[in-house]
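**Q** Can you read through this structure? Questions will come right after.
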Amino acid sequence: MAAIVATNALTKHYGSSRGIIDVTFAIEEGEVFGFLGPNGAGKTTTIRSLMGMLRPTSGTATINGLDCWSQSTEVHRLVGYLPGEFSFDPKLTGAQIIEYLAHLRGGVDQNYTRQLIERLELDPSKRFREYSRGNKQKVGLVQAFMAKPRLLILDEPTSGLDPLNQQEFYKLVAETRADGRTIFLSSHILPEVEHTCDRVGIIREGRLVKVDEVANLRDLRQHALDIRFPGKADAAWFANLPDVTSATTPEPNVVRVNAHGEIPDVLKAAAEHGAIAIESHEPSLEDIFLRFYGPDGGAPAAQQAASVRS
Amino acid sequence: MATGTVSQTPAQTWETPKAVKAIKSLKTSGSFWFGSVFTKSLRQARTPILAWGIGMGFLTYVVYAALKSVLGTPATANAAQQLAESFRFFGDPVAVGTPGGYFTWKYGPFIPLMVGIWAVLAGANMTRGEEERGSLDLLLAEPISRTRALVEKIGAFAVALLIIGFFIAIGALLGAASIKTPVSVGDALLAGLNISLVTFFFGMLALFISQFTRTGGSAAGWAGGLMALSFVVDGIGRAINNAEWLRRLSPLYYYDLSKPLIPGYGTNAGAMIVLLALGVILAVVSVPLFAQRDLGGIALAWLFPQEVNKPRLSVSQSLASANRDFSTQSVGLRALAAQGASAFWWIVGLTAYTLLLAGITKTMITQMSSFFSSPLLAKLFNGSNLATNNGFLNSLVFSLLPVGMVFFAVVMAFGWASDLDNKRVETTLSAPLPRWRMLLERFGVVVLFSVLAAFFVWLGVVVAAVMTGLSIDVGGVAAASFGVLPLELIAAGLVYALAGRLSAYTTLGIVGGLVLISFFMSFLKELLKLPDWAENLSIFQQYGAPLTNGINWGATIVMLVITVAFVVIGAWQFSRSDVK
């Protein structure tokens, strides 16, 4: 398979402030590639450079061999795009926006568009200003998918969608992959990327720090467990177990354990001391980044686990 | 790697020197200007306060300073008085032979209308602006009542107008001093205050109307229309016998009752109080209307029946009708639909102004033919021979109208700049269309609107002439109407050249300022006595008097070439720069 998206030392500065630095990666035709990073890491800058909205300071980006900046019109023929901030003339209805963009693009199958609208449960007769954030996002998704483009570039596609619509979106992604088409999506939610993507690139502070298959990123998987005991608990029961990165007692009878990988020893120790409940939190991406790519070179950094984002 | 202790979140990731500096500057400079809604609103208005205040103050100074040459002899002073008697439509002819009287007659109604443009925009967007941006939700989530927030905003608005009035007073004082005409500090300040009061009324009118519209733009449109209407009503009441009562309906009448700059005429305190009271009443009514409505909704919504029973269209029906909709077919047609309503009302306004003034031309000429042959009058009225129909139309219709038409084109072109700023073009730009083509389609729509405006102005003069039996040179009127086209296009072209690089409002400020300066360079040329080369920089000077002298083809071609250059620069830089 040939690379449909390729960047080479792609760099973008905004005046004196950092944009992205030396970003190099390639996406094969037919794969789903996730672009993962915290807010302000450079995901949107990379995506907008691919779309020819930003002119690279140095380096190159190509889509299907076409230069993303100088041949952007030809590139756009191949790409369906959802911007990170989807905004439109507030007086237009969803249907008008979709039809307008369909006319500019040409060759859009209205039946497929109708199916997309129905699957995402969008009411296209409302004006854009009347839509909630999630519904605006649905308009954005419909216009990105409707032309069945060879490549979809989606900036945080599930942001604002409710869980049911998120599931429908995941199905769309799966169908697109089954069609042999390519998806490049950005996210700051690790489980979402794990769920939908074949490969992942991780960007932090403007630099691409890791590109790997999702399966290899399991090591990043964090467990943050609150283990509750009937009486007073001791963090030392867990602190020295393998794979445990930290253990504390936020309340006298609760031990908060951070661990990664598989955790049979933790479960065994919990049972030995008569644990009565275990609560698991999804750690935030930020925590993982700070842990693995933190400024002090990988020391356990953030202890507090954030709740799941959905 | 395993530890049993609580580890610290690394604070150094964000505590960069830049962040520390930013926080420090927040603590120092921000503490005053961001300390309350009042100071924050005042800070937000600082650019218009300075632009309008210094602009109008400077205009006042320049006019005063140059009056000595116009009213130098008793004969010219007498001629000016006679002229003003016949042009009652524009202003009350009181002591026009004196500097204070001449200034009051010619600029008395003009300055409040100019300041009124800002007042109406600011009033209409006082709550709607932030509501449309969504930032009002955030402000009102703070423990501050809506009443308090709006009262503080109104207070800041009033202070802003007082400062603008103060600048105008300073301009009058300096100007009068330069020609050694006595104007007391008190009278100058009262003249400034009078302008502050009447513009406060228009601002509060816009605020009041905005409580019943969903956007600041439509409230500004209605209030601006009412302001123009009040000017016309006041003028008609003054010009027509036995219609004096009509004037009392216009707030400008109460403004006109005070003429502090005319020695011996003085200030009518009662009229000033009426103006203040009218403004305050509108403010006091607007506050509870705002406090008790939905944010984003309209006041007294129960009075306006909702479209609740509108049958819901199926997905296929919505899509099919949107697919047939002409406005979804291309970028140009989309822009045509988006700006059509606004363009329609602009053209209606320009045509109505043309009809009105061309309509009264015949009456005025026959009434006052006796002294129109005076060359002094020609000097006072922009060099046209007023005894002929064409000369008269030139002075009356085609002196101010071109500025209106040019501003119309600038406002239409501004749509592009503001779309770029609002990040509304990103998705459209992802379509497989070159950027230059998008820009050209949008500019094409501005060209179309400009041509329509010129056509309807021409039609307005022709229809008015036919109806009143005025004999005109149809070709000459066409030259005068379509001769404005290059002026409209050059200004719109400049908007396109600057948009994308500069913010939309900076672009509007620069282009609007240049148009105004250019207009005054030509309109006041008898007073300013600029060197020829400087006068020729004015597009209005290049427009000349096509009705009597024909179109200046050389200048027209040069202006069209510059327009093309502006659009090419706009397209070139838009194609080559980052999308905001």
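**Q** Among the residues of segment A:26-46, are any basic (K, R) and open to solvent by 20 Å² or more (accessible area, probe 1.4 Å)?
**A** The first filter runs over segment A:26-46 and keeps only residues basic (K, R), leaving A:43.
Subset that is open to solvent by 20 Å² or more (accessible area, probe 1.4 Å): none.
Checked against the condition, which is being basic (K, R) and open to solvent by 20 Å² or more (accessible area, probe 1.4 Å), segment A:26-46 yields no hits at all.
**Q** Okay, moving on. Filter segment A:4-25 down to the residues that are among the hydroxyl-bearing types (S, T, Y), closer than 20 Å to A:D212 by Cβ and open to solvent by 60 Å² or more (accessible area, probe 1.4 Å) and list them by number.
**A** Applying the first criterion (among the hydroxyl-bearing types (S, T, Y)) to segment A:4-25 yields A:7, A:11, A:14, A:16-17, A:24.
Imposing the further condition that a residue be closer than 20 Å to A:D212 by Cβ reduces the set to A:7, A:24.
Result: A:T24, single match.
**Q** Scan segment B:301-313 and tell me whether some residue there is within 14 Å of chain A (Cβ to nearest Cβ), aliphatic (A, V, I, L, M) and surrounded by 14 or more Cβ atoms within 10 Å (Cβ to Cβ).
**A** Among the residues of segment B:301-313, at least one is within 14 Å of chain A (Cβ to nearest Cβ), aliphatic (A, V, I, L, M) and surrounded by 14 or more Cβ atoms within 10 Å (Cβ to Cβ), which makes the answer yes.
**Q** Please determine, by comparing only the residues of segment B:225-248 that are touching a Gly at 6+ places or on another chain (Cβ under 8 Å) and under 23 Å from B:A124 (Cα atoms), which one is least open to solvent (accessible area, probe 1.4 Å).
**A** Per the criteria, the residue is B:M227.
**Q** From the list B:L246, B:L282, B:L289, B:L276, pick out the single residue that is touching a Phe, Trp or Tyr at 6+ places or on another chain (Cβ under 6 Å) and either of a type in the set (A, V, I, L, M, F, W, C) or closer than 30 Å to B:R88 by Cα (or both).
**A** Values: B:L246 fails: touching a Phe, Trp or Tyr at 6+ places or on another chain (Cβ under 6 Å); B:L289 fails: touching a Phe, Trp or Tyr at 6+ places or on another chain (Cβ under 6 Å); B:L276 fails: touching a Phe, Trp or Tyr at 6+ places or on another chain (Cβ under 6 Å).
Testing whether each residue is touching a Phe, Trp or Tyr at 6+ places or on another chain (Cβ under 6 Å) and either of a type in the set (A, V, I, L, M, F, W, C) or closer than 30 Å to B:R88 by Cα (or both) leaves just B:L282.
**Q** Of all residues in segment A:42-76, how many are at the interface with another protein chain (Cβ under 9 Å from one of its Cβ atoms), over 23 Å from A:S187 (Cα atoms) and either among the small types (G, A, S) or within 21 Å of the chain's Cα centre (by Cα) (or both)?
**A** Matching residues across segment A:42-76 total 1.
Yes/no matrix, rows are residues, columns are (1) at pLDDT 85 or above; (2) open to solvent by less than 80 Å² (accessible area, probe 1.4 Å); (3) among the hydrophobic types (A, V, I, L, M, F, W, C); (4) in a strand (DSSP E or B):
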position: A:P230; (1), (2), (3), (4): yes, no, no, no
position: A:A233; (1), (2), (3), (4): yes, yes, yes, no
position: A:T248; (1), (2), (3), (4): yes, yes, no, yes
position: A:R256; (1), (2), (3), (4): yes, yes, no, yes
position: A:P283; (1), (2), (3), (4): no, yes, no, no
position: A:P295; (1), (2), (3), (4): no, yes, no, no
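**Q** Sticking with this one: Based on this model, can you work out whether A:P163 counts as out of contact with any helix residue (DSSP H, G or I) (no Cβ under 8 Å at 6 or more places or on another chain) and either closer than 27 Å to A:D89 by Cα or more than 12 Å from chain B (Cβ to nearest Cβ) (or both)? Spell out the reasoning first.
**A** Working: out of contact with any helix residue (DSSP H, G or I) (no Cβ under 8 Å at 6 or more places or on another chain): yes; either closer than 27 Å to A:D89 by Cα or more than 12 Å from chain B (Cβ to nearest Cβ) (or both): yes.
Here the answer is yes, as A:P163 does meet what is asked.
**Q** Here are some conditions: (1) of a type outside the set (D, E); (2) open to solvent by less than 10 Å² (accessible area, probe 1.4 Å); (3) more than 24 Å from B:L420 (Cβ to Cβ). B:I517 meets all but one. Which one does it not meet?
**A** Of everything listed in (1) of a type outside the set (D, E); (2) open to solvent by less than 10 Å² (accessible area, probe 1.4 Å); (3) more than 24 Å from B:L420 (Cβ to Cβ), B:I517 misses just condition (2).
**Q** Let me ask something else. Of all residues in segment A:77-87, how many are within 8 Å of chain B (Cβ to nearest Cβ) and open to solvent by 10 Å² or more (accessible area, probe 1.4 Å)?
**A** Here the count works out to 4.
**Q** Within segment B:279-295, identify whether any single residue is within 14 Å of chain A (Cβ to nearest Cβ) and out of contact with any Ser or Thr (no Cβ under 9 Å at 6 or more places or on another chain), and answer yes or no. It would help to see each step written out before you state the result.
**A** Residues of segment B:279-295 within 14 Å of chain A (Cβ to nearest Cβ): B:294-295.
The next check asks that each one be out of contact with any Ser or Thr (no Cβ under 9 Å at 6 or more places or on another chain); those that pass are B:294.
Scanning segment B:279-295, I find at least one residue that is within 14 Å of chain A (Cβ to nearest Cβ) and out of contact with any Ser or Thr (no Cβ under 9 Å at 6 or more places or on another chain), so the answer is yes.
**Q** Please go through (1) open to solvent by 10 Å² or more (accessible area, probe 1.4 Å); (2) modelled with pLDDT under 90 for B:G216 and return the number of the only condition it doesn't satisfy.
**A** With respect to (1) open to solvent by 10 Å² or more (accessible area, probe 1.4 Å); (2) modelled with pLDDT under 90, B:G216 is out only on (1).
**Q** Give A:K138, A:K148 a once-over and let me know the one that is under 27 Å from A:F33 (Cα atoms), crowded, with 23+ Cβ neighbours inside 10 Å and of a type in the set (K, R). Outline the logic, then answer.
**A** Details: A:K148 fails: crowded, with 23+ Cβ neighbours inside 10 Å.
Checking each option against the conditions leaves just A:K138.
**Q** Taking the stated definitions as given, is B:V579 of a type in the set (V, I, T), touching a residue at least 24 places away in the same chain (Cβ under 8 Å) and within 14 Å of chain A (Cβ to nearest Cβ)? Steps first, answer last, please.
**A** Values: of a type in the set (V, I, T): yes; touching a residue at least 24 places away in the same chain (Cβ under 8 Å): yes; within 14 Å of chain A (Cβ to nearest Cβ): yes.
Here the answer is yes, as B:V579 does meet what is asked.
**Q** What's the total number of residues in segment A:101-135 that are of a type in the set (F, W, Y) and modelled with pLDDT of 95 or more? Reasoning before the result, please.
**A** Residues of segment A:101-135 that are of a type in the set (F, W, Y), as a first pass: A:112, A:128, A:131.
This time we only want the ones that are modelled with pLDDT of 95 or more, so: A:112.
Residues flagged as of a type in the set (F, W, Y) and modelled with pLDDT of 95 or more within segment A:101-135 amount to 1.
**Q** Another question about this same structure. Being touching a residue at least 60 places away in the same chain (Cβ under 8 Å) and within 12 Å of chain B (Cβ to nearest Cβ): is that true of A:L152 here? Give the steps one after another, and end with the answer.
**A** Numbers: touching a residue at least 60 places away in the same chain (Cβ under 8 Å): yes; within 12 Å of chain B (Cβ to nearest Cβ): yes.
Here the answer is yes, as A:L152 does meet what is asked.
**Q** Right, B:W533: open to solvent by 20 Å² or more (accessible area, probe 1.4 Å) and within 14 Å of another protein chain (Cβ to nearest Cβ) or not? Steps first, answer last, please.
**A** On the way: open to solvent by 20 Å² or more (accessible area, probe 1.4 Å): yes; within 14 Å of another protein chain (Cβ to nearest Cβ): no.
So B:W533 fails the test.
**Q** Sticking with this one: Give me a count of the residues in segment B:249-298 that are in a helix (DSSP H, G or I) and either within 22 Å of B:G224 (Cα to Cα) or outside the structural domain of B:L190 (by TED's automatic domain parsing) (or both).
**A** Taking segment B:249-298 first, the residues in a helix (DSSP H, G or I) are B:251-256, B:269-291.
Next cut, either within 22 Å of B:G224 (Cα to Cα) or outside the structural domain of B:L190 (by TED's automatic domain parsing) (or both) only: B:251-256, B:272, B:274-287, B:289-290.
Residues meeting the conditions: 23.
**Q** Ok, one more. What about A:T176, is it at pLDDT 95 or above, surrounded by 15 or more Cβ atoms within 10 Å (Cβ to Cβ) and among the hydroxyl-bearing types (S, T, Y)?
**A** Values: at pLDDT 95 or above: yes; surrounded by 15 or more Cβ atoms within 10 Å (Cβ to Cβ): yes; among the hydroxyl-bearing types (S, T, Y): yes.
It is true that A:T176 is at pLDDT 95 or above, surrounded by 15 or more Cβ atoms within 10 Å (Cβ to Cβ) and among the hydroxyl-bearing types (S, T, Y).
The values are calculated or read from the model by the stated rules, or taken from the named source; none is laboratory data. Since this is a predicted model, take the numbers as computed values, not measurements. Neighbour counts are summed over all protein chains in view; Cβ atoms, including those assigned to glycine, are modelled from backbone coordinates with ideal geometry. What goes into the accessible areas is simple: the full protein's heavy atoms, side chains included, and nothing from ligands, DNA or RNA. Shrake-Rupley method; radii C 1.70, N 1.55, O 1.52, S 1.80 Å.
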